[in-house]
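Enquirer: One structure, as structure tokens, below. Some questions next.
The values are calculated or read from the model by the stated rules, or taken from the named source; none is laboratory data. Every value quoted in this text rests on a predicted model; they were computed, and no experiment measured them. Note that each Cβ is placed from the backbone with ideal geometry, even for glycine, and that neighbours are counted across all protein chains shown. Surface areas here come from the heavy atoms of the whole protein model, side chains and all, with no ligands, DNA or RNA. Shrake-Rupley method; radii C 1.70, N 1.55, O 1.52, S 1.80 Å.
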Amino acid sequence: MSGEKITIRNGKLYVPDNPIVPFIEGDGTGVDIWPAAKRVIDAAVEKAYAGKRRIVWKEVLAGEKAFNNVGSWLPEETLQAFKEYLVGIKGPLTTPVGGGIRSLNVALRQDLDLYACVRPVRWFEGVPSPVKHPELCDMVVFRENTEDIYAGIEFQEGTEDVKKFLGLLKEAFPERYKKIRFPETSGIGVKPVSREGTERLVRAAINYAFQYKKPSVTLVHKGNIMKFTEGAFRDWGYALAKREFGAKDYEGGPWQIIEKDGHQVIIKDVIADAFLQQILLRPEEYSVIATLNLNGDYISDALAAIVGGIGIAPGANINYDTGAAVFEATHGTAPKYAGQDKVNPSSVILSGAMMLEYFGWTEAAELIYKGMTKAISNKRVTYDFHRLMEGATLLKCSEFGEEIVNNM
Ligand SMILES: NC(=O)C1=CN([C@@H]2O[C@H](COP(=O)(O)OP(=O)(O)OC[C@H]3O[C@@H](n4cnc5c(N)ncnc54)[C@H](OP(=O)(O)O)[C@@H]3O)[C@@H](O)[C@H]2O)C=CC1
Ligand SMILES: O=C(O)CCC(=O)C(=O)O
Ligand SMILES: [Mg+2]
């Protein structure tokens, strides 16, 4: 079957019955997870539409596979393919700590301007959890995906660049320079947070809350300390809710309420450290979360743990204005398990289900949810769930994929 491109027309995604979808296999456990995920996604589409619809996969290279094959970590053709075909999916890519290449995952998000990292966190019946009531955790994280400390503007300790940067700071802002405790041995990072970047992210989060009838949007920030970045994020978020959505002060403010089409959404905010304890104590008070890049990274893994871990934590990077999207798991390459056919493929499989929903192919997505729920309730699971479940059967990564298919 030959494929056609997904396009956006008058702000609406047009998905043909045979869309060409670029995919990156991913480093580390990508080699195990991707085949299992592809098998499940294809089977769901086949079962839902009996051959009328089919994804035409197009492999594009990134990470180690790209470097070994074409000598580039993130080839221009890969970026071009995501731009041309609009929607894609990827496995995890390695980022070395301390030195070496900068994150290819972040580069993709920035280059394609995929400003919202959308990570739904919900509990699937039967999944082992460290908390008593994992079912109370039902949140969707909207993480700003293009700025904050992830912009990668850093100056390494001891280099000519850091000396030059600190020299400029000393000259222009002597009082602020004096606050650097050990200037001779400091590395420096710059944290840009813009009004535009904040507004488009918060707008997407509020729109989502209305689309899916969610009760609240919480702005999570550390604005008491980082006043002009994280504090501004909160203020710009509240201001946008008033200006674009007609939000009114709620019980004297600063919380707000928006009423539209018979649905109410509370806009509120919380400081990030307090939020991280409240998600364990009172998760039911939170629904849609809008936050900055670094907070969103930490919060995603912390929330994932509550509902069973990052083996079952899907996500999407989306530009709601152009329709461009790249779906990917919350977890990384888990290198110690690479090539062992062992890890849980659920995160990429559920990212695939999110992609099918994004296409409007909800019947296929539902089959994935059904198959996964049944596999888990039959206690036929991968190592991560197996070690926390009594009387479960241990399956390999590929076997768990088959189990989902058999239970669709
Ligand atoms: N978007 C991306 O591509 C991302 C890439 N990364 C990159 O991945 C590399 C490794 O990062 P690291 O910090 O170790 O984080 P990882 O998410 O790769 O792994 C951390 C731990 O999470 C658990 N885990 C991860 N994936 C799965 C899975 N599929 N099924 C079950 N459990 C899983 C494992 O726990 P246990 O040991 O308990 O079994 C694993 O040791 C780094 O280079 C990092 O930069 C990280 C995050 C996102
Ligand atoms: O890019 C990376 O290597 C890590 C990214 C990450 O942890 C995330 O997006 O959640
Ligand atoms: Mg992360």
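Enquirer: Determine the percent antiparallel among the DSSP beta bridges restricted to the chain, to the nearest 5.
Expert: 50 percent
Enquirer: How big is D, in µm² s⁻¹, for the stretch 29-118 by Stokes-Einstein at 4 °C and 1.567 mPa s if Rh is the Kirkwood radius over C-alpha pairs?
Expert: Diffusion coefficient, whole number: 87 µm²/s.
Enquirer: Please work out the FRET efficiency for the pair E363 and D111, using the Cβ-Cβ distance as r and a Förster radius of 35 Å; give the result to the nearest 0.05.
Expert: In this case the efficiency is close to 0.60.
Enquirer: Applying a 10 Å radius around every beta-carbon, put 226-237, 7-18, 385-396, 108-119 in order of their mean neighbour count, most first.
Expert: Final packing ranking: 108-119, 226-237, 385-396, 7-18.
Enquirer: Tabulate in residue order the Karplus-calculated ³J(HN,Hα) for the stretch 34-43, using 6.51 cos²θ - 1.76 cosθ + 1.60 with θ = phi - 60°, rounded to whole Hz; enter x for Gly and Pro.
Expert: 4, x, 5, 5, 4, 4, 5, 4, 4, 5
Enquirer: More than 35 angstrom separation, counting every C-alpha pair in the chain; what % is that?
Expert: Value for the chain (Cα pairs over 35 Å): 30 percent.
Enquirer: Taking all pairs of different Cα atoms in the stretch 99-138, averaging 1/r and flipping that mean, what Kirkwood radius in angstroms comes out?
Expert: 13.3 Å
Enquirer: Pairing the Cα long axis of helix 346-359 with the longest principal axis of the chain, what angle in degrees results, from 0 to 90 and rounded to the nearest 10?
Expert: Between helix and principal axis, roughly 90 degrees.
Enquirer: Taking amide H positions as placed 1.01 Å from N in the peptide plane, with prolines and chain starts having none, which residues 5 or more places from I8, or on another chain, fall under 5 Å of its amide H?
Expert: Under 5 Å from the amide H of I8 lie the amide H atoms of Y14, each far enough along the sequence or on another chain.
Enquirer: Could you grab the relative contact order for the stretch 218-354? Cα pairs under 8 Å, six or more apart, rounded to a whole percent.
Expert: In percent, rounded to a whole number, it is 20.
Enquirer: Something else: Can you check what the net charge comes to around D27, using other residues whose Cβ is under 11 Å from the Cβ of D27 (Lys, Arg +1; Asp, Glu -1)?
Expert: 0
Enquirer: In the stretch 1-65, what % of DSSP beta bridges are antiparallel (nearest 5)?
Expert: Antiparallel bridges make up about 40 percent of those DSSP assigns within the stretch 1-65.
Enquirer: For the stretch 88-159, take the alpha-carbon Rg, divide it by the Kirkwood Rh, and send me Rg/Rh.
Expert: Ratio value, two decimals: 1.10.
Enquirer: Report ³J(HN,Hα) in whole Hz for each residue of the stretch 173-182, in order, from the Karplus equation J = 6.51 cos²θ - 1.76 cosθ + 1.60 where θ = phi - 60°; Gly and Pro get x.
Expert: 9, x, 5, 6, 4, 4, 6, 7, 5, 10
Enquirer: Related question: Can you tell me how the stretch 104-230 classifies by the Cα gyration tensor, rounded, prolate or oblate, using a/c under 1.5 as the rounded cut?
Expert: prolate
Enquirer: Amide H neighbours of M226 under 5 Å, counting only residues 5+ apart in sequence or on other chains, H built in-plane at 1.01 Å?
Expert: Those qualifying (amide H under 5 Å, at least 5 residues apart or on another chain) are G231.
Enquirer: Please state the relative contact order of the chain as a whole percent: Cα pairs under 8 Å, 6+ residues apart?
Expert: 23 percent
Enquirer: Also, quick follow-up: Which value in nm describes the separation of the simple spin-label points at N68 and V131, placed 7 Å from the Cα toward the beta carbon?
Expert: Using points 7 Å along Cα→Cβ, the separation is 4.0 nm.
Enquirer: Measure up K191/K213; K5/K379; K164/K227; K65/K370; K83/K164; K222/K242 against 28 Å on the Cα-Cα distance and list the ones that go over.
Expert: K191/K213; K5/K379; K65/K370; K83/K164
Enquirer: Then there's this: List, in order, the whole-Hz ³J(HN,Hα) value for each residue of the stretch 48-57 obtained from phi through the Karplus relation with A = 6.51, B = -1.76, C = 1.60 and θ = phi - 60°; use x for Gly and Pro.
Expert: Ordered by residue, 3J(HN,Hα) equals 6, 10, 6, x, 5, 10, 7, 7, 9, 6 Hz.
Enquirer: If amide H atoms are built 1.01 Å from N in the plane of the peptide, which residues on other chains or at least 5 residues away come under 5 Å of the amide H of G88?
Expert: A325, V326, F327
Enquirer: First select every other residue whose beta carbon is under 12 angstrom from the beta carbon of E366; then total the charges, Lys and Arg +1, Asp and Glu -1.
Expert: Local charge sum for E366: 0.
Enquirer: Here's another thing I want to ask about it. Can you work out the FRET efficiency for the pair E76 and S103, with r the C-beta to C-beta distance and R0 = 25 Å, to the nearest 0.05?
Expert: Calculated value: 0.90.
Enquirer: Provide the per residue accessible area, probe 1.4 Å, for the stretch 277-408, rounded to a whole number of square angstrom.
Expert: With all protein chains present, the stretch 277-408 gives 36 Å² per residue.
Enquirer: Let me ask another. Let me see the P(r) profile for the stretch 173-252: every Cα-Cα distance counted, bins of 5 Å, each bin given as a percent of all pairs.
Expert: 3, 12, 18, 20, 15, 9, 7, 6, 6, 3, 0
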